[in-house]
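Each value in this text was obtained by applying a stated rule to the coordinates, not by laboratory testing. Remember, it's a predicted structure, so these values are computed and weren't measured experimentally. Because the Cβ atoms are built from the backbone with ideal geometry, glycine has one as well, and the counts that use them run over all protein chains shown.
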Amino acid sequence: MPQNEPLNERELLARLKARDRAAWNQVLSEHGPRLVGFATRMLGDPGRAEDVVQNALLGVMQSIDRFEGRSSIKSWLFRAVHNRAIDDLRRASRYVELPQEDASASASASAFGANGRWLEPVAAWRLDERVDAHRMLAIVRDEIDALPHAHREILLLKETHQLDTAELAEALGITPGNARVRLHRARQALRTAVSKRMD
């Protein structure tokens, strides 16, 4: 395999199943830092996050023969890390369950369009002498970290790691409809929290 030429998903999966070291190195270099970043934000502890990712990746390597390729390798990896992170939070009694999402919930009061963007600009968040862009980013990050885990993880997966709806559903073990509802509620919760800080 040429050093600089990444494999497509099908070729990559075949090589992973064949225990090809170069293919595993490609996966680790492409996804490893993002997986650690995701786990760190979920757990709030870089050391625990590295342990969770390492254990998740070992599990992935051991079960690669059972992976059928019905989802992307990226979403499968995030699912493995998500599951290990939630296990770690539950052991530490720090995980808060949210009620099951209702995929048929009305979006009539939604502040977001179908593309996930604000329908109207958030006037209170306009940058002025009270807050600069750097401080605003810090506020948003703080408020994301204070959200319940289910809201925090879906925002991180969508906004930071750019998973699409199908990948979100796969990574979190929920339906695409529930993923959309959970993402909407997480965005609303973040908006409310940041608005309170801005006031």
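For this structure, a couple of remarks:
- Segment ALA22..LYS196, full-extension length gain: 57.7 nm, with 0.36 nm per residue of separation and the alpha-carbon distance subtracted.
- Förster radius 22 Å - calculated FRET efficiency between SER29 and ASN83 (Cβ-Cβ, nearest 0.05): 0.45
- Shape call, the stretch 123-198: gyration tensor on alpha carbons, a/c limit 1.5: prolate
- Extending 7 Å from the Cα toward the beta-carbon at both ASP142 and GLN54 defines two label points whose distance is 3.3 nm.
- Length gained on full extension, ARG10 to SER71, computed as 0.36 nm times the residue gap minus the Cα-Cα distance: 20.8 nm.
- Radius 14 Å from Cβ of ARG66, net charge of other residues (Lys, Arg +1; Asp, Glu -1): +1
- Working ranking of peptides 151-157, 86-92 by packing, defined as the average number of other Cβ atoms within 10 Å per residue, highest first, is 151-157, 86-92.
- For LYS17, the lysines whose Cα falls under 30 Å of its own Cα, not counting residues fewer than eight places away in the same chain, are LYS74, LYS158.
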